[in-house]
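The values are calculated or read from the model by the stated rules, or taken from the named source; none is laboratory data. Small disclaimer: the values here were computed from a predicted structure and weren't measured. Cβ atoms come from the backbone with ideal geometry, glycine included; neighbour counts cover every protein chain shown. Note: areas computed on protein heavy atoms with side chains; ligands, DNA, RNA excluded. Shrake-Rupley method; radii C 1.70, N 1.55, O 1.52, S 1.80 Å.
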Amino acid sequence: MQTIPLSWYLIFSAALFCIGLFGVLSRKNAVAILMSIELMLNAVNVNLLAFWRYRSPETVAGQAFAIMVFAVAAAEVAVGLALIISVYRRRKTIVADEIDLMKW
Amino acid sequence: MTIETLIWLLPLPPLLAFALIVLFTNRWKALSHSIAVGAAFLSWLGSMVVVFRALGIEHFGAEGRVFESSVAWLPLGETSFRIGVLIDPLSAATLFFVAWTVLMIFVYSVGYHNFGQPQGDHDHAGLPPHGATVADEHGHTHKVPSIEPMYARFFAFIGLFAFGMYTLVVSDNLLTLFVGWEIMGLCSYLLIGFWYAKPSARDAAIKAFMTTRVGDVFMLLGVAYLYAMTGTLNFRAIFFNEEVLHRLATTPAVDGFLGLSAAGLIGLLLFIGTIGKSAQWPLHTWLPDAMEGPTPVSAMIHAATMVSAGVYMVIRMFPLLSAGWHEGAALTPPMLAMAVIGSITALFAATIAVAQNDVKRVLAYSTVSQLGYMVAALGIGAYIAAAFHLIMHAFFKALLFLGSGSIIHGMEHGVLHTDDLVDPQNMLNMGGLRRKMPLTFVTFLIGGLALAGFPFVTAGFWSKDEILADAFAHAPLVFVVLAVAAFLTAFYTARQITLTFLGQPRTASAQHAQESKWTMTLPLVVLAVFAVGAGWVGTPWKNLFHEFVGGTLLEHPEALPFSQALVPMVLSILISLSGLAAGWLVYRHYEAGQADPLAKALGVVHTWLKNKWYFDEIYHALFVRPSAWFSETFTYKWMDRGVIDGILHTVARLAFGIGPILRNYFDKPVVNEFIGDGSASVVQWFGRRLRLVQTGQVQFYMMTALVIAIGVLLAVIALP
């Protein structure tokens, strides 16, 4: 049976990662930045699972790492959204460029 | 216990006594002297056992017939240096007199330091006791002698001293002998300076220490040289070994020093040690000054044991000193030196003794003179005679010193009683003491006659006669010098006895003198027995002493045949009797306040003798003054103040000059401004510019991170 080659998954995951990266760097909205980070994390997950399935399916390391990434991503979103809400309450904005309290 | 173990133990009781007294019992006077006398008694007992065992052995001293035992003490490469004990005939004889005199002097010290008397009214530690006031039953107050304030300390010191002497006698090698020798030197210093608050005692102590040190340094050189030559310091290994002696006698000394053989140079060096220790001319000056110490010390150190140790050492070394010499041959250099120095000392000290008035000083010079006799005797090869006189002299001179202490004690009693402040040691203040102090008189007379060589009944006669006989047979010049010295000896002895005991009391103190206690008179009696009886073991008819001590040497020395001893014996009888008679005749009518009859007769010569040939003054001018000048002017003023301080001041001035320059031209501009302020402003400049990077915008940071990460990635890929 003809299967999808590994490189396709890798190209897909790289594309997804770059979209996420672009979103992180270019979007002004902090919530959008957070979402872009999720995209990047999921790109990593695709990568992990693809390598696991094609290279060492006999172990569960890839799945285990992917589950760990989900957990971290969930925690990160929770903390990130909480921070954003907290910032919004104080400054009435969630535009990343305007949140520059740490400036010199 | 084997006899060797006993010999090892002989020196220990006095050392233990010293430690116990110093550490624990010095507050309790009776306990301290009991420990010290007990220790002396134990050593005495052991010594007697050893001596009588030795006497019981036939041909004692021959190969294998000595008591010896040694342990490896210091491992040296393949061999080891052994120390141990040795009793051969010579050390047995020495042990005999050392044990007796030491015990007697310990007992005597109890009485001499006024044990049982009350504490003084205002006595100080470091000063002789001044007397105490007591009230009798009628309410009268008397001044009586008071107990020595540092009573226990004295017994500790003489204990240590006795340890040194026993160590020296039982040693089987030169090194432990030297150790004992130096322990005694230290004790001599401590005991001469016992009354340390008296400046004269302090000076005398330092003088004794320094003078003997001169000799000891040379002796140590001799010991070291001997060890370098033979690889051993054991007496028997060197002196009982023909081959070693022959090698020493034929090897030239290092660098051919003065054309001496090795034996000659070692012998001379060792002999210089004896010159210091036994107070031979020209290092004799310390001994008379040493009379500043308490009288038992004078007796023990400066008559019976320590000064004898010097002569004992050369007698021990005789096979080395005389290596290559045989009867009738020319004397070896060390022997010649001994003959010359001994003769000079014997005569010269006797002349001084004639003009002294201090009862102890007469005896001190007499000791110097008698030691000169022994050294001279050894110098002409009269080995046995020297050893014999050493032992006899120890007995009668200890007796005389203890007797003089008793006299001084009696006189002090008179001085305290009458409050008549005369010098209790000056013989001119005495007179007529025979009635007040009969026991002291009789024993002192015996000792004096022994010293003068009164014919037949005294020990001194036989021993001195043996020396004179040997000198008569081998060295006529030495005989003449010693005979004159013998005449002077008899003369000053008669003078001393006449001035002290005979005639009428010349002062109130002498009138009220009192006989000393039994602790002082008992030792006198015991020593008097030896001063008479001991001589009979060495008569020319049957010389038992010669038989016994001769065994120390490899070859038994020849005794003079009786026929050859007859003429000198007659001469020595004449000399002794005429000297005694002359002394008595000149001084029997001496009255209080008169000038010394001899001073009138001799005039300026007498003054010269009275001032001890001005030796102290000469040494003062020759050594003390230059040394004081050297330290005061040269070392202190020139070197220390001038050169050393000058250098220091120059350095300081230089530093003062350089300091401001460094400060103004280096520290301020370079360190402060350039390095200090400069680095700060550089940091500030960078900080100002770099803070612009800190935008606070999270996307800017991420962009930067991305760019740098890509840059690094590219660099890693691009670079090989």
_Just to be sure I understand the interface: list residues from region A:1-44 that lose 50 Å² or more of accessible area between the chain on its own and the complete protein assembly, 1.4 Å probe._
A:Leu25
_aspartates and glutamates whose Cα lies under 19 Å from that of B:Lys360, excluding same-chain neighbours fewer than 8 positions away_ = B:Asp203, B:Asp289, B:Glu292, B:Glu412, B:Asp423, B:Glu515, B:Asp596, B:Asp616
*asked:* From the helices alone, meaning DSSP H stretches of at least four residues, give me the mean residue ellipticity at 222 nm for chain A, per-run term -39500 (n - 2.57), in deg cm²/dmol to the nearest 500.
replied: -26500 deg cm²/dmol
*Ordering of B:48-57, B:698-707 by burial proxy (mean other Cβ atoms within 10 Å per residue, highest first)*: B:48-57, B:698-707
_Theoretical FRET efficiency, 1/(1+(r/R0)^6), r = Cβ-Cβ of B:Tyr701 and B:Leu662, R0 41 Å, to 0.05_ = 0.25
*asked:* Amide H of B:Val66 versus every other amide H placed in the peptide plane: which residues, excluding those fewer than 5 positions away on the same chain, fall under 5 Å?
replied: B:Gly61
*Solvent-accessible area per residue for chain B at a 1.4 Å probe radius, Å²?*
42 Å²
*Averaging sequence separations of C-alpha pairs under 8 Å and six or more residues apart, then dividing by the length of region B:96-202, give the relative contact order as a whole percent.*
23 percent
*Quote the relative contact order of region B:345-405 in percent (integer), defining contacts as alpha-carbon pairs under 8 Å separated by 6+ residues.*
32 percent
*asked:* Tell me the net charge near B:Ser188. Cut-off is 12 Å between Cβ atoms, B:Ser188 excluded, with +1 for each Lys or Arg and -1 for each Asp or Glu.
replied: -1
*Between A and B, accessible area buried - total, square angstrom, nearest 100, 1.4 angstrom probe*: 1000 Å²
*Within region A:1-97, which GluC sites (Glu not before Pro) sit in a loop by DSSP and count at most 12 neighbouring Cβ atoms inside 10 Å?*
A:Glu58
*For region B:634-640, what does the Karplus curve 6.51 cos²θ - 1.76 cosθ + 1.60, with θ = phi - 60°, yield as ³J(HN,Hα) per residue in whole Hz, taken in order and with x for Gly and Pro?*
6, 5, 6, 6, 7, 5, 6
*Among rounded, prolate and oblate, which fits region B:14-144 when a ≥ b ≥ c are the square roots of the eigenvalues of its C-alpha gyration tensor, a/c under 1.5 means rounded, and a/b larger than b/c means prolate?*
prolate
*Which residues, if any, in region B:682-700 have at least 10 Å² less accessible area in the whole protein complex than in the isolated chain, probe 1.4 Å?*
B:Arg691, B:Leu692, B:Gln694, B:Thr695, B:Gly696, B:Gln697, B:Val698, B:Gln699
*Stretched out fully, how many nm does the piece from B:Ile708 to B:Trp613 gain, at 0.36 nm a residue minus the Cα gap?*
23.4 nm
_Can you compute the charge dipole magnitude of the protein assembly as shown about its Cα centre, using +1 on each Lys and Arg Cβ and -1 on each Asp and Glu Cβ, nothing else charged? Give it in debye, rounded to the nearest 20._
2860 debye
*asked:* As an exercise, use a Förster radius of 51 Å and the Cβ-Cβ distance of B:Val567 and B:Glu137 to find the FRET efficiency, rounded to the nearest 0.05.
replied: 0.20
*Using a probe of 1.4 angstrom, how much of the accessible area of the protein assembly as shown is carbon and sulfur, in percent?*
70 percent
_Set the bar at 19 Å for Cα to Cα. Now go through B:Lys198/B:Lys637; A:Lys28/A:Lys92; B:Lys277/B:Lys397 and name every pair that lies beyond it._
B:Lys198/B:Lys637
*So, by mean Cβ neighbours within 10 angstrom, what's the order for B:74-82, B:350-358, B:300-308 with the highest one leading?*
B:300-308, B:350-358, B:74-82
_Can you pull out the GluC sites (Glu not before Pro) in region B:542-580 whose DSSP state is coil and whose Cβ has at most 13 other Cβ atoms within 10 Å?_
B:Glu555, B:Glu558
*What is the distance, in nm, between label points placed 7 Å from the Cα along the Cα-to-Cβ direction at B:Val604 and at A:Val60?*
13.3 nm
_Mean accessible surface per residue for region A:55-104, computed with a 1.4 Å probe while every protein chain stays in place, in Å²_ = 76 Å²
*Expressed as a rounded percentage, what relative contact order does region B:199-318 have, with Cα pairs under 8 Å and six or more residues apart?*
31 percent
_Ranked packing of B:139-150, B:383-394, most packed first, by mean Cβ within 10 Å_ = B:383-394, B:139-150
*Compute the Cα gyration tensor for region B:98-138, then decide on rounded, prolate or oblate, letting a ≥ b ≥ c be the square roots of its eigenvalues: rounded whenever a/c is under 1.5, prolate when a/b is larger than b/c in the other cases, and oblate in all that remain.*
oblate
_Reduction of at least 10 Å² in accessible surface, 1.4 Å probe, comparing all protein chains with the chain by itself, residues of region A:64-104_ = A:Ala96, A:Asp97, A:Ile99, A:Asp100, A:Met102, A:Lys103, A:Trp104
*In deg cm²/dmol, rounded to 500, what helix-only [θ] at 222 nm does chain B give when every DSSP H run of at least 4 residues adds -39500 (n - 2.57) and the total is split over its residues?*
-20500 deg cm²/dmol
